[in-house]
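The block underneath contains the structure these notes are about, expressed in structure tokens.
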Amino acid sequence: MTSPRRKIRIKCPQCGKKYSDWYRSSINLTLEDWAEEDLERATTSMCPHCSFKVCHDVLVVKNTVAGIVHETVAQRKELDSGIIEEGR
Ligand SMILES: [Zn+2]
């Protein structure tokens, strides 16, 4: 199941400024069809001060030719999520 949006506070790893955004902690692509840009929007945040992009640790479940794959976006891109606070 795809998680609801979760509000977060982020400290930009590049410029150190803080901002608010949201993400989803899991997305199930075997049940829903997401456009690549919507997926990008739900799993990353961009700093409004310096445009540095961070990837959140989102679990993505998807169907591939090899079967059902579970992976987290942060793992795949090896980037810091920068999250300092999570709300609901
Ligand atoms: Zn920044």
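The table below gives the values:
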| item | result |
| --- | --- |
| All strands (runs of 3 or more DSSP E) inside region 1-41 with 3 or more residues being within 16 Å of the ligand (Cβ to nearest atom) | 6-11, 18-23 |
| Whichever residue in region 42-55 is in contact (Cβ under 8 Å) with a residue 12 or more places away in the chain and among the small types (Gly, Ala, Ser) and, among such residues, is farthest from the ligand (Cβ to nearest atom) | Ala42 |
| Pick from region 4-39, criterion within 12 Å of the chain's Cα centre (by Cα) and hydroxyl-bearing (Ser, Thr, Tyr), ranking: surrounded by the fewest Cβ atoms within 10 Å (Cβ to Cβ) | Ser26 |
| Per-region count, region 42-57, residues crowded, with 19+ Cβ neighbours inside 10 Å, touching a helix residue (DSSP H, G or I) at 6+ places or on another chain (Cβ under 9 Å) and part of a loop (DSSP other than H, G, I, E, B) | 1 |
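Laboratory data are not the source of any read-out in this text; all were calculated from the coordinates shown. Just so you know, these numbers come straight off a predicted model, no measurement behind them. Backbone-built Cβ (ideal geometry, glycine too); neighbour counts: all protein chains shown.
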